[in-house]
1. Give the number of residues within the range 30-47 that are surrounded by fewer than 17 Cβ atoms within 10 Å (Cβ to Cβ) and within 46 Å of the chain's Cα centre (by Cα).
2. Is the range 229-237 home to any residue that is in contact (Cβ under 8 Å) with a residue 12 or more places away in the chain, in the same structural domain as residue 298 (by TED's automatic domain parsing), assigned to a strand (DSSP E or B) and surrounded by 14 or more Cβ atoms within 10 Å (Cβ to Cβ)?
3. Suppose we filter 46, 86, 61 for residues that are outside the structural domain of residue 16 (by TED's automatic domain parsing) and touching a strand residue (DSSP E or B) at 6+ places or on another chain (Cβ under 9 Å); which single one remains?
4. Given (1) part of a strand (DSSP E or B); (2) surrounded by fewer than 17 Cβ atoms within 10 Å (Cβ to Cβ), identify the lone condition not met by residue 160.
5. Looking at (1) surrounded by fewer than 19 Cβ atoms within 10 Å (Cβ to Cβ); (2) at pLDDT below 90; (3) part of a helix (DSSP H, G or I), which is the only condition residue 169 fails?
6. Which residues, taken from the range 46-67, are out of contact with any helix residue (DSSP H, G or I) (no Cβ under 8 Å at 6 or more places or on another chain) and either assigned to a loop (DSSP other than H, G, I, E, B) or closer than 15 Å to residue 13 by Cα (or both)?
7. Return a yes/no flag: does the range 176-190 have any residue that is more than 26 Å from residue 128 (Cα to Cα), surrounded by 13 or more Cβ atoms within 10 Å (Cβ to Cβ) and in contact with a helix residue (DSSP H, G or I) (Cβ under 8 Å, 6 or more places away or on another chain).
8. Which of the residues spanning the range 68-89 are farther than 12 Å from residue 102 by Cα, part of a loop (DSSP other than H, G, I, E, B), without any contact (Cβ under 8 Å) to a residue 60 or more places away in the chain and within 27 Å of the chain's Cα centre (by Cα)?
């Protein structure tokens, strides 16, 4: 005995599709419609009545659903199908990175051996099969956070990329080591990301100290690196560069300066220099990376201005009024 097949009415099938669409950001596929009892003719009719809008071949958006980043990404994923993941700006939106509140066009990444139909207003990029990686974030298949940052590095300005890396590390969402782990020859964004990682790396800060020191020496100054200062209260600090003759210190604030244990050292340096009557000029590594010569010229101007304002060194009055002896006169004649 054959099992009776219960056919749903087009109206009931349409209601079921709308419920499904609510769970999929307003998007359904042709297969979804046929599986719920609609015929191809019913689907054509509903599309003609503008109750469903065809976003891609076989992919439909409910007319009651406005076009949003979520709906466009969902439609692109369903249209490409198979192994694929959101990448680039679309992945940044999923990871809620700064400045990614809205995505103009969905961007996807697929393994290099995948075949797919090119879609209008969708960027699909192939990567090597061994390089394809995806995770699930907020229900979306997406490239890992570090890979997403590397992809963005190919399009962001140096300043914006530096700010993004610092933000993610400070928020403890990733580490410099994990970001370094996604670098590779020929990978888009690797070169730009590598430069930023070198700048924010703690060891690289000393490199910029050396470059600034050399730039000041070329301008006729003699800065003393890692100058130790001790306040009358007993507190000690070390300045990156110092000019004792004019009581001027230079501090280079790298990325780690913003972390708590390094910020304590900076506050100590500020307190000690204030107690000793020193002036402290602070520069970020970003300043040196972008305008080293300008910073060096500013420090030269600071030194000259301090020399004019500070009183001349006091001369020992006893040595000034001392009467020369016969022995000293004989030495002078020789």
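The values are calculated or read from the model by the stated rules, or taken from the named source; none is laboratory data. Predicted model only: the values in this text are computed from it and were never measured. Because the Cβ atoms are built from the backbone with ideal geometry, glycine has one as well, and the counts that use them run over all protein chains shown.
1. Number satisfying all stated conditions: 5.
2. For the range 229-237, residues in contact (Cβ under 8 Å) with a residue 12 or more places away in the chain, in the same structural domain as residue 298 (by TED's automatic domain parsing), assigned to a strand (DSSP E or B) and surrounded by 14 or more Cβ atoms within 10 Å (Cβ to Cβ): present.
3. Exactly one of 46, 86, 61 is outside the structural domain of residue 16 (by TED's automatic domain parsing) and touching a strand residue (DSSP E or B) at 6+ places or on another chain (Cβ under 9 Å), namely 86.
4. (1)
5. Going through (1) surrounded by fewer than 19 Cβ atoms within 10 Å (Cβ to Cβ); (2) at pLDDT below 90; (3) part of a helix (DSSP H, G or I) one by one, residue 169 breaks only (1).
6. Listed by number, the residues that qualify are 47, 49, 50, 63, 66, 67.
7. Checked against the condition, which is being more than 26 Å from residue 128 (Cα to Cα), surrounded by 13 or more Cβ atoms within 10 Å (Cβ to Cβ) and in contact with a helix residue (DSSP H, G or I) (Cβ under 8 Å, 6 or more places away or on another chain), the range 176-190 yields no hits at all.
8. Matches in the range 68-89: 84 only.
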